[in-house]
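Working notes, structure below.
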Amino acid sequence: MPNTAPRNILVTSALPYANGAIHLGHLLEYIQTDIWVRFQKSRGQQCYYVCADDAHGTAIMLRAEQEGISPEALIERVSQDHQEDFARFGVGFDNYHSTHSDENRYLSELIYTRLRDKGHIATRDIEQMFDPQKGLFLADRFIKGTCPKCHAVDQYGDNCEKCGATYTPADLINPVSAISGATPEVRSSTHYFFKLPDFADFLQQWINDGHVQPQIRNKLMEWFESGFNEWDISRDAPYFGFEIPDAPGKYFYVWLDAPIGYLASFKNLCERKGIDFDRFWEKDSDAEVYHFIGKDIVYFHALFWPAMLHGADLRTPTAVNCHGFLTVDGAKMSKSRGTFIKAATYAEHLNPEYLRYYFAAKLTSKVDDLDLNLEDFAARVNSDLVGKVVNIASRCAGFVKKLGGGTLSEHCAEPQMVARFIAAGDDIAADFEAREFSRAIRKIMELADEANAYIAEKEPWALAKQDGRDQEVLEICSVGINLFRQLMVYLAPVVPTMAEQAREFINIDTLDWESRGNVLVNHPINKFKPLMTRVERDKIDAMIDASKEDLVEEQKLKNTPKGPLADEPIADEISFDEFA
């Protein structure tokens, strides 16, 4: 007998950094993850989806200072903004937490002390640039000066944006602190390092065991060939984060405690809901853990993270699923062109379910970039969701109301066709499981084409004008409603709001995956209401214009003096290259 017990699945998306707004580039990942999670729940799996704000680091400390508020106040405000944005787009976390939490402090200290006690932590003195006016060590991105190669002024401490040269801050001509304008000094400090080379053999085996996509595996192998360095996991005070145990004035680097935030958010959920945390995270756990991330942070998630977990006697992820970047109209998102679109700006102008559908229609299991082509976006949503899927229900509902008193026919006139739609769910499910969403959508739309062709061939509107054909018309339209119901089962993970409205119209309890097998006969339905309106080009244009206005407002804020940081506002995002 096959094992029919529900799978225990924990799913995470990367933690958004707590000093900037959610934009469409972020949403690609959260929508991809949410569709997969909703599919698993629809299939009856015990699936939990957790996330948190990544709330530590120099950037947050300085942004809070720039605004004249505490870091705690900043991250609380940004967390609320983030959660509102996610809710607008139907991203249904089971828990949303913060890395600045008691759970994360406990787990970070636990993992660190286990690694330390096993000899996987080293200490040594390093030399860094120090801002004597602010009293803090400077990451490369907080140092500016003249490029030593091309002599371009106002370049960052690690690379020149004009000539592309890379260098160290010590090579800069006339370096200054981007925070205070002071001339930095070279000072020595003791730092703590995670001995990543200790785990080279383990990581090579882990990567080759199918935990990452082939494209990612190939990239990771390049890093193996160049060799690993120990990873600096400490930062000096002042720093907004957790102090390292038994190391006064030393703090965990933000990228050390950020992925531990996955565990912390889940632990918070477990304690509130009575879920067994250890069942998911103990070394021999049979639960499944999946991380959905962008390709820019694979180094952390496929090297540092599994090594940390393994060294601390915890289980490693079942898989790390990477996606590519979002482009708009074939180019990198641009604030000046209005294609750097914030989630809130989009939601003010367009239905978030349009975007969920369009992303699903283009997402695969690969790491390729995804282009949001705004012409294609409007055309595909209008053609597929409005012209094909909703059209089936709108064509049939009126006849069922008029000829059947709102009740479907007593028997199914096309049992083989309905059975074929039901059976198609197996292949569609396999595509969703494999994260081949575009393939699943293609199959769903082929079914929608078939349903529309059936109705067009039968022409119930013509038959309704002929005496004595009312029952036939009712039967045709009852088949149509059944086919529409099957399609909405398959689309529910993608467009959950539309699916809920469809469920109310069809008057059924659930659109869970297995419910597709129930053929509706002699079944009352409710009055049909429009489920999806067309994408209008003027709404897209208004969104682009509003995004340009967002840029103008940002420039105004940047030009409002608020102290030494006014000329160098802190970036909205944190990356490995900037803080490593």
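Read-outs throughout are calculated quantities, based only on the coordinates presented, and are distinct from any laboratory measurement. In this text the structure is predicted, and so the values were computed from the model without any measurement. Backbone-built Cβ (ideal geometry, glycine too); neighbour counts: all protein chains shown.
Remarks
- Qualifying trypsin sites (Lys or Arg not before Pro) in segment 483-528, DSSP loop, other Cβ atoms within 10 Å at most 14: LYS527
- Proximal charge balance of ASP427 [Cβ under 12 Å; K/R count +1, D/E count -1]: -1
- Cross-link pairs exceeding 19 Å between alpha carbons, from the set LYS443/LYS539; LYS401/LYS527; LYS134/LYS250; LYS41/LYS366; LYS144/LYS195: LYS443/LYS539; LYS41/LYS366; LYS144/LYS195.
- Taking label points 7 Å from Cα along the Cα-to-Cβ direction, THR510 and VAL153 give a separation of 6.8 nm.
- Under a 5 Å amide H cut-off, with hydrogens placed 1.01 Å from N, MET333 pairs with VAL328 among residues at least 5 apart or on other chains.
- Translational diffusion coefficient (Stokes-Einstein; Kirkwood radius from C-alpha pairs) of segment 256-305 at 37 °C, 0.692 mPa s, in µm²/s: 269
- Virtual spin-label span in nm between THR113 and GLN204, 7 Å along Cα→Cβ: 3.5
- Built amide H within the under 5 Å cut-off of ALA52, gap 5+: HIS97
- Segment 387-517: C-alpha gyration tensor shape, a/c 1.5 cut-off, then a/b vs b/c: prolate
- Distance from the Cα centroid of segment 316-383 to that of segment 213-247 is 30 Å (rounded to whole angstrom).
- Helices meeting the span-like rule in the chain (full DSSP H runs, Cα extent of at least 20 Å along the helix axis, mean Kyte-Doolittle score of 0.5 or higher): 470-491.
- When both segment 389-421 and segment 116-174 are represented by their alpha-carbon centers, they are found 68 Å apart.
- Global geometry of segment 376-457, whether rounded, prolate or oblate, following the gyration tensor of its Cα atoms and the 1.5 cut on a/c: oblate
- Expressed as a whole percent, the proportion of Cα-Cα pairs in segment 121-194 lying more than 14 Å apart is 57%.
- Centroid-to-centroid separation of segment 69-88 and segment 456-498 [C-alpha atoms, Å]: 45
- Relative to its Kirkwood radius, the Cα radius of gyration of the chain gives an Rg/Rh of 1.03.
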